[in-house]
Amino acid sequence: GLTYYIRHNSLPENRADFYIAQRVGSMQEEDNQAGLAHFLEHMAFNGTKNFPGKRMLNYLQDNGIKFGTNINAYTSFDETVYYLTNITTTNANLMDSALLVLYDWSSAISLEEEELENERGVIREEWRTRGGAQQRLWDQLLPKMYPDSKYAHRMPIGSIDVINNFKPEEIRAYYHKWYRPDLQGIIVVGDFDADEMEQKVIDLFSTIPLDTDIAERKYYPVPDNKEPVVAIATDKEARSTSIMMFYKHDAMPDEIKNTQAGYLTQYILNAASAMMNQRFDEILQKPDAPFTSAYAYDGDYFVAKTKDAWTVVAGSAEDKIEDALAAMVRESERAKQYGFTAGEYEIARTNILKNYEDSYNNRDKQRNSTYSNEYVRAFTDGEPIPGIEFEYQFIQAVAPNIPVEAINQTIQQLIGDENIVIAITGPDKEELVYPSEESLLAVLSEVKSETIEPYTGEVIDEPLVSNPPAPGKIVKEERDEELDATVWTLANGIKVVLKNTDFKNDEILMTASSVGGFSQYAMQDPLNSKMMGSIITLGGVGNFSATDLPKVLAGKTASAAPSVSLTTQNFSGSSSIKDFESMMQLVYLYFTSPR
């Protein structure tokens, strides 16, 4: 029943990643086992059949594989994932040992009594801090966001009572019940012979038996709610205020995800998200913006695998929570009532197509981690993995034939009047009073009853540089043999260094620097000099505001921006080969037409 994913990939050279993903997490625990999944993950590093005690970590670290960086694991609600990354493939013994580590994690963790007792102290301390403010906020949110669902009480850190008191045989029983081949995925990606690696995986892992009497692996449902649900959580260490609004809906079945219909649905959702986020960016540029950040997407309902949600997230000033929520609801209702415009969709579609083109052009320059993480999601979440060749050709063929009406119909279905959840998190301060549940529900109701005007977006049809300058001249050309680069000196004194690389097939990187920096102004104007770098790009450039600029650059892979450090002023940018001129035009505009 074991699943495996094996892929030859040569970036980086002579390196490989080894993963074991398990469709098992805290949701498989009973109340008296809360925390065992996470505890078990810790124990995987404290002795296995072939690596007793700390021998596994000692051996790997002696070979340059660092714990926490190249060896690690995580436990979530519905999955547990272990990995070894950046393993050198020129050492055959080390490669075989990496496979043996995965094998031991799958079926041969020792769980010795002395090691279990030692680890209780480690987990107690982790439980005491509970991962900082975020986990403590989640502790408060989940029971409110998931009433009558098992997700309400399954934070992976678990229960301190269970951690302190479980018996060794209980965690061993949990291990043997849930760590089994039919719930495990082996992922090996790197610079090796794939056929040879496949045979090794088969020879090693097929020896693990699957019991005939196995427990059913259930995915627990999330109930619908007719009336809106409100959850508020605070923590003394929380640094900012966040508002999340969910419009829950049924998750797409895995068997649909892996079809063209599923892929098409994902394109429609991505386009809707891109257009919504462009609207939020425009609001953020206004002087009286109701939030400090905002974005929308469709995906898992917070932590649940069995429910999806159209999700809107915003950051807010501490005293503007109701204003921010009102704006989130208003923009959602605007999209629901009137949809998106043809002009907005043209920009979104063009950018999505361009992103696929960039990935396709650089398809043989993907790092191991790109594939490893994709295959983990394929195994745990059912994410389709047809490959960039198929994805690019499919999107190129289909996207031009999907009208904006299809996006608008989808968004109208997603933003409903039921299944709404509002979650607010922020700092716990004596002087800070949060809105009541009643007042938040009143905001939702009032905005829904408003007369909302349709969105009016400006269509921009002018070039980045309307009056191109007279071309300059190269007055000197030299060769830097040490850098393997060509150096030009331009008539205005600027030096240009050009160097060919083979890191990517379709990417040009640009940096520029000169001596100076905000230190020159620090004495006479300390505050403005320090803020300069953060403010330079806020107004846009040339004829275009910061929100208009992405519209002008739609369909282009080109960016450039200035920055100021203590002792230098700089430019950085990147582009595809085709859009190199656009990147240079941005540099020119920041020099000549800053806003």
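Miscellaneous remarks
- Gyration tensor (alpha-carbon) shape descriptor, the stretch 71-136, a/c threshold 1.5: prolate
- The stretch 233-301: GluC sites (Glu not before Pro) in DSSP loop, at most 16 other beta carbons within 10 Å: Glu237
- Modelled label reach - Asp323, point 7 Å along Cα→Cβ, the stretch 279-294 residues with backbone N closer than 11 Å: 287-292
- Along the stretch 170-185 the Karplus relation, 6.51 cos²θ - 1.76 cosθ + 1.60 evaluated at θ = phi - 60°, assigns HN-Hα couplings of 5, 6, 5, 5, 4, 4, 6, 6, 10, 8, 8, x, 6, 10, 10, x Hz to successive residues, with x for each Gly and Pro.
- Applying 1/(1 + (r/R0)^6) with R0 = 22 Å to the Cβ-Cβ distance of Asp254 and Lys448 gives a FRET efficiency near 0.05.
- Debye intensity ratio I(q)/I(0), log10, the stretch 309-415, q values 0.11, 0.19, 0.24 Å⁻¹ (C-alpha model): -0.56, -1.08, -1.20
- In this simple spin-label approximation, Arg595 and Thr90 carry label points 7 Å from Cα along the Cα→Cβ vector, and these lie 5.2 nm apart.
- Accessible surface, per residue, of the stretch 82-131 when the full set of protein chains is kept, probe 1.4 Å, Å²: 43
- Spatial separation of Cα centroids for the stretch 382-426 and the stretch 93-131, in angstrom: 40
- Unit charges at the beta carbon, dipole of the stretch 53-168: most positive-side option, Asn72, Pro143, Ser159: Pro143
- Potential lengthening of the chain between Glu346 and Asn32 amounts to 107.6 nm, from the contour at 0.36 nm per residue minus the alpha-carbon distance.
- When shorter helices are ignored and each DSSP H run of at least 4 residues is given -39500 (n - 2.57), the per-residue value for the chain at 222 nm works out to -12000 deg cm²/dmol.
- Full-stretch length increase - Thr486, Thr568 - with 0.36 nm per residue and alpha-carbon distance subtracted: 27.2 nm
- Using the Cβ-Cβ distance between Asp281 and Thr207 with R0 set to 51 Å, the FRET efficiency works out to roughly 0.40.
- Cα centroid separation - the stretch 328-347 against the stretch 273-320, whole Å: 14
- Label zone at Ser436 (point 7 Å along Cα-to-Cβ), backbone N below 19 Å, the stretch 225-247: 228-234
- A protection proxy built from the mean count of other Cβ atoms within 10 Å ranks the segments 225-232, 502-509, most packed first, as 225-232, 502-509.
- Projected label distance in nm at Glu170 and Ser513, using a 7 Å step from Cα toward the beta-carbon: 5.7
- Ranked by how many other beta carbons lie within 10 Å on average, peptides 139-148, 515-524 from highest: 139-148, 515-524
- Förster radius 60 Å - calculated FRET efficiency between Ser534 and Asp62, Cβ distance, rounded to 0.05: 0.85
- Each peptide in 205-213, 149-157, 433-441 receives the mean, over its residues, of other Cβ atoms within 10 Å, and ordering these scores from highest gives 149-157, 433-441, 205-213.
- Three-way shape call for the chain based on the alpha-carbon gyration tensor, with the a/c threshold at 1.5: oblate
- Judged by the ratio a/c of the largest to the smallest principal axis of the C-alpha gyration tensor, the stretch 509-577 counts as oblate, that ratio being 1.5 or greater while a/b is no larger than b/c.
- Calculated accessible area for the stretch 417-557 comes out at 67 Å² per residue, all protein chains present (probe 1.4 Å; ligands, DNA, RNA ignored).
- Accessible-area composition of the chain, carbon plus sulfur, in percent [1.4 Å probe]: 49
The values are calculated or read from the model by the stated rules, or taken from the named source; none is laboratory data. Every value quoted in this text rests on a predicted model; they were computed, and no experiment measured them. Because the Cβ atoms are built from the backbone with ideal geometry, glycine has one as well, and the counts that use them run over all protein chains shown. Side chains included, ligands, DNA and RNA excluded: accessible areas come from the protein's heavy atoms. Shrake-Rupley method; radii C 1.70, N 1.55, O 1.52, S 1.80 Å.
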